[in-house]
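Enquirer: Before I ask anything, here is the structure I am working with.
The values are calculated or read from the model by the stated rules, or taken from the named source; none is laboratory data. Fair warning: this is a prediction, and the values are worked out from it, not measured in the lab. Please note: Cβ atoms are built from the backbone with ideal geometry, for glycine as well, and neighbour counts cover all protein chains shown. Note: areas computed on protein heavy atoms with side chains; ligands, DNA, RNA excluded. Shrake-Rupley method; radii C 1.70, N 1.55, O 1.52, S 1.80 Å.
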Amino acid sequence: MSFLLVAHGTRVQRGVSLIGDLAARVSRTLDRPVHVAFVDVLGPTPTEMLSATTDRPTVLVPAFLARGYHVRNDIPAHVADSGHPDVTVTPALGPDPTLIRVLVDRLLETGWHPDDSVVLAAAGTSDTGALSDLHTTATALSAVLGSRVELAFAATGEPRIADAVAALRERHRGRRVVVASYLLSEGLFQDRLRASGADLVTDPLGTHPGVTRLISNRFLRAGAELSGMRGR
């Protein structure tokens, strides 16, 4: 059985390196190789990686924090184009309670205080399912923090991060504004978060141990189900 982690892709080398580091951490946890592919910007593509493993079943985990176009359309298209006869694609990583705990950890390590205003910053999407997932995550984080968390976007969607930060600063004068990055890796979007004018910006979820556990569990669960079906 082969394991494939599929991410978006970025031209920023530190973002590419972070995804590679994340895959390496998952690989050590599972004690088996975890390969990486990207749906945009750079390669190898999922089609290329799957075409090289047609001789064995493959579990593909989409490294995306919400369902959306890449998960619903791009990845299935790559699977079909590869000609691979036996690919199991797991759901996107979010929404998931594990990611809420990771977000809280990132806030705490950045210096968040309960009096701060918080913006949950996502990449952005026009997909209704992905938007629903992001609002679910913002609502869950609000419940844990005990105050409303505003959802904003680095690219597609309104409000944009800088606008949300400015609005909160105007609405809650004297309070700090903290941006909670709901991004998986470094890149252009994380740079936009840091340039948003917020008092504090958390690091991407990236290689937090919780993300490693979440991805590892996705691989293990899908692999066990696949093995069980083959054993019937």
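Enquirer: Could you give the length gained on full extension between ASP81 and SER17, defined as 0.36 nm per residue of separation minus the Cα-Cα distance, in nm? Can you show the working numbers first?
Expert: On the way: separation 64, 0.36 × 64 = 23.04 nm, distance 2.69 nm.
Working it through step by step, the gained length comes to 20.4 nm.
Enquirer: Hey, can you rank 202-214, 99-111 by average C-beta count inside 10 Å, highest first?
Expert: Numbers: 202-214: 20.0, 99-111: 17.4.
Final packing ranking: 202-214, 99-111.
Enquirer: In deg cm²/dmol and to the nearest 500, what is the mean residue ellipticity at 222 nm of the chain if only DSSP H runs of at least 4 residues count, each as -39500 (n - 2.57), divided by the residue total?
Expert: On the way: 8 runs with 104 residues, N = 232.
Computed mean residue ellipticity for the chain: -14000 deg cm²/dmol.
Enquirer: Then there is this: Compute the relative contact order of the chain as a whole-number percentage, counting only Cα pairs closer than 8 Å that sit 6 or more residues apart in sequence. Walk me through the numbers before you get to the answer.
Expert: Numbers: 429 pairs, mean separation 51.7, N = 232.
Relative contact order here is 22 percent.
Enquirer: On to the next question. When Lys and Arg each count +1 and Asp and Glu each count -1, what net charge do the other residues less than 15 Å away from HIS135, Cβ to Cβ, add up to?
Expert: On the way: positive: ARG67, ARG148; negative: ASP96, ASP127, ASP133, GLU150, GLU158.
Charge balance in the 15 Å sphere: -3.
Enquirer: Per the 1.4 Å probe, what fraction of the accessible area of the range 121-201, in percent, lies on carbon and sulfur atoms? Write down the numbers at each step before the final one.
Expert: Numbers: 1900 of 3720 Å².
Percent of accessible area from carbon and sulfur atoms in the range 121-201: 51.
Enquirer: For ARG194 and SER51, what is the calculated FRET efficiency with R₀ set at 30 Å and r taken between the beta-carbons, to the nearest 0.05? Before the final figure, lay out each step's value.
Expert: Numbers: r = 38 Å, r/R0 = 1.27.
The formula returns an efficiency of 0.20 here.
Enquirer: Probe of 1.4 angstrom, ligands and nucleic acids ignored: what's the accessible area per residue over the chain, in square angstrom?
Expert: Values: 10620 Å² over 232 residues.
Dividing the accessible area of the chain by its residue count gives 46 Å².
Enquirer: Obtain the nm distance between the two label points defined at SER132 and ARG101 by a simple spin-label model: each point lies 7 Å from its Cα along the Cα-to-C-beta direction.
Expert: Output for this residue pair reads 2.6 nm.
Enquirer: Starting from the Cα of ARG28, step 7 Å along the direction of its Cβ; do the same at GLU225; then give the gap between the two resulting points in nm.
Expert: 2.9
Enquirer: Which residue, HIS172, HIS135, HIS35, has the most motion in a Gaussian network model of the chain that connects Cα atoms within less than 10 Å?
Expert: Greatest mean-square fluctuation among the candidates belongs to HIS172.
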